[in-house]
Amino acid sequence: MKSILHIISSPRTEVSASRKLGNAVIEEILAKYPGSSIKERDLTKNPAPFLEEVHINSFFTPAENRSPEQEAINQYSESLISELQEADIIVVDSPMYNFSIPSTLRSYFDHTSRAGYTFRYEENGPKGLLENKKLYVAFTSGNIYSEGPYQSYDANVPYVRNVFGFYGVTDVNVFRAEGLSIPGIMENALEKAIENIMID
């Protein structure tokens, strides 16, 4: 049995390709690890607030000096981080939006990227604190970015890898449904991506 955290970032619902791909990944994980628990963090239904000065001040204010508002902000951030800490497997639905990730996912990372929680600074530099976890990324895009002339435009998958790598999560698999807007490819792109899901 595993503890699974499913992070959903697409603002679309029924027609979202990334949700469909992410759900298919979850199904395969459950087939491999029956009885596992799933925590779903839907960033469209419950978006993390965009980072403002009040949030930053809360993060850097010692606990004993926080105002009630700052304490509430800190507790919210800690609740997101706790979900990451408790998970054995993390699944991130990450659709391509303007060459990068949805703003909801970026905002989520702003609340989970905290020294002393997901990483710490040591004499030799930063060290991730979320080790011994598996990350699956469900990536979807209208164009093709895994290869070819637009590969360098991909600021989505490398970014997600880097954030989680900074957290100490280095065991990463990426499942790609690409070309979802390209005639001749779009018709079967999602189905082929789902068929190619392999859980190790």
Report task. Could you tell me the largest-minus-smallest coordinate of the C-alpha atoms of segment 66-116 on each of the three principal axes, in descending order and whole angstroms? Result -> 39, 27, 16
Query raised in the report: Just for the Cα atoms in segment 90-174, what are the lengths along the principal axes, largest first, rounded to whole Å?
Result: 41, 23, 22
Report summary line: Taking segment 21-74, the equivalent ellipsoid from its C-alpha gyration tensor has semi-axes in Å, biggest first, of 36, 14, 8
Report summary line: Candidate cut points under trypsin sites (Lys or Arg not before Pro) in segment 23-60, DSSP loop plus at most 16 other Cβ atoms within 10 Å of their own Cβ, are K45
**Report entry** Residue-normalised accessible area of segment 112-200, expressed per residue, 1.4 Å probe, Å²
**Finding:** 55
Report task. Using Cα centres only, tell me the gap between segment 25-88 and segment 125-200 in whole Å. Result -> 22
**Report entry** Alpha-carbon Rg/Rh ratio, for segment 32-174, with Rh computed the Kirkwood way
**Finding:** 0.99
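Quick check on my link table: of K32/K192; K32/K133; K20/K134; K39/K133; K2/K192; K39/K192, which ones sit more than 24 Å apart, alpha carbon to alpha carbon?
Too far apart for the 24 Å limit: K2/K192; K39/K192.
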Query raised in the report: To the nearest 20 debye, what charge dipole does segment 70-128 have about its Cα centre, counting +1 at the Cβ of each Lys and Arg and -1 at the Cβ of each Asp and Glu?
Result: 220
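Could you tell me the ratio Rg/Rh of segment 104-147? Both radii from Cα atoms, Rh via Kirkwood.
Rg/Rh: 1.11.
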Query raised in the report: Dividing the alpha-carbon radius of gyration of segment 1-110 by 2.2 N^0.38 Å (N being the number of residues), what value is obtained?
Result: 1.21
Report task. Working with all protein chains in place, sort D200, D154 by solvent-accessible area computed with a 1.4 Å probe, largest first. Result -> D200, D154
**Report entry** Percent carbon-and-sulfur accessible area, segment 35-107, ignoring ligands, DNA and RNA, probe 1.4 Å
**Finding:** 51
Query raised in the report: Which whole-percent values make up P(r) of segment 133-200 when all C-alpha to C-alpha distances are grouped in 10 Å steps starting at zero?
Result: 20, 46, 29, 5
Query raised in the report: In what sequence, highest mean first, do 113-119, 87-93, 22-28 appear when ranked by Cβ atoms within 10 angstrom?
Result: 87-93, 22-28, 113-119
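The values are calculated or read from the model by the stated rules, or taken from the named source; none is laboratory data. What you see is a predicted model; the values in this text were computed from it and never measured. Cβ: placed from backbone, ideal geometry, glycine included. Neighbour counts: every protein chain shown. Remember, those area values only see protein heavy atoms, side chains included, never the ligands or the DNA or RNA. Shrake-Rupley method; radii C 1.70, N 1.55, O 1.52, S 1.80 Å.
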